[in-house]
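Scroll down for the structure; my scribbles are underneath it.
The values are calculated or read from the model by the stated rules, or taken from the named source; none is laboratory data. None of these values were measured; they are calculated from a predicted model. Cβ placement follows ideal geometry from the backbone for every residue including glycine, while neighbour counts extend to all protein chains displayed.
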Amino acid sequence: MALYKDRHRELWNKCTNCGELVFKQALERNSYTCPNCDYYSPMPADGRLRYLFDSEAIFNLHPASIDKQLLDSIGMADLVDQNRFPDESQWLASAGEGTISNCPTVLAVVAPYAVPQRVHFVTLLVAIRTALEKKLPFITVYPSDALAKKRSDPPEQPELSPTEITYLTIEMDNLSQARLPQITILTDQDRQTGFLTQFPLGDVVLAEQNRMSGSSAGRRTHSSRGESSETMSSLSSYTPADVSIDYYVQRQDLPARLGKLLAFFAK
């Protein structure tokens, strides 16, 4: 937790791409985009949540602050009681219910730099079951596993296990059976390993490019889906073959792209 607090106390942020120092508040106002090289710096989970939702009117779904009545309705009260998470753990993962382009949705964001732990499992599970209970689309945002990770305090919190990953996959399959849209956004691409994540993916997968460019985002369609290939960003050449990317998007275009997808699914 000290790393997170120290990062937010700093007045300046050093761009990991060009090495230039950027005033932290200016970086936040610019959606964590470096003004010198247009590189997308990793965005904190709570900041990403606010950026994608239409307004600050977000119903918080983090287990540290979720309503007990909702926990009972989705069968999560006992699990949350067994794993008490402090408010500070919200930097590890954020989840909420709000609107994107006026479309109600549930959004869950895994923070960059955070080692996947029990709080990620519980937060995602609460978000999935809320989407199922309220019959809402479910959107997830996962940073690349290649980012340097830091454990939270207390360090004894269990890391995410393969069993919990499998459980989340099964829970997301319940959303598919209910015909509820699932969209995943992969971020913070690594040049060597591409977009790697151990978390289960949605039916539609978007990948956020690493820097802002003047051209519109390209689309990649896999032949396994029976569709033709279209233009694709050169950055996507780093993506492993087993990661199926539907669209490459720039950060500033993400809210509009999600709005179009949600409007399409709502028809």
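Return yes or no: is GLU20 of a type in the set (Asp, Glu) and within 16 Å of TYR113 (Cβ to Cβ)? Don't jump to the end; show me each part of the working.
Details: of a type in the set (Asp, Glu): yes; within 16 Å of TYR113 (Cβ to Cβ): no.
No: the conditions fail for GLU20.
Given (1) in contact with a strand residue (DSSP E or B) (Cβ under 7 Å, 6 or more places away or on another chain); (2) buried (at least 21 other Cβ atoms within 10 Å of the Cβ), where does PRO63 come up short, assuming only one miss?
That leaves (1) as the condition not met.
Out of all the residues in the stretch 129-145, which are in contact with a strand residue (DSSP E or B) (Cβ under 6 Å, 6 or more places away or on another chain) and either part of a helix (DSSP H, G or I) or not hydroxyl-bearing (Ser, Thr, Tyr) (or both)? Quick ask: steps written out before the conclusion?
First, pick out the residues of the stretch 129-145 that are in contact with a strand residue (DSSP E or B) (Cβ under 6 Å, 6 or more places away or on another chain): 130-131, 136-144.
Answer for the stretch 129-145, where residues must be in contact with a strand residue (DSSP E or B) (Cβ under 6 Å, 6 or more places away or on another chain) and either part of a helix (DSSP H, G or I) or not hydroxyl-bearing (Ser, Thr, Tyr) (or both): THR130, ALA131, LEU136, PRO137, PHE138, ILE139, VAL141, PRO143.
Take the residues in the stretch 116-156 that are of a type in the set (Asp, Glu) and either under 14 Å from the mean Cα position of the chain (by Cα) or at pLDDT 90 or above (or both); name whichever of them is nearest to THR193 (Cα to Cα). First the steps, then the outcome.
Going residue by residue through the stretch 116-156, those that are of a type in the set (Asp, Glu) are 133, 145, 153, 156.
Right, trim to either under 14 Å from the mean Cα position of the chain (by Cα) or at pLDDT 90 or above (or both) and you get 133, 145.
Working: GLU133: 36, ASP145: 9 Å.
The selected residue is ASP145.
Return yes or no: is THR163 outside any helix (DSSP H, G or I) and modelled with pLDDT under 95? Before the answer, list the steps.
Details: outside any helix (DSSP H, G or I): no; modelled with pLDDT under 95: yes.
So THR163 fails the test.
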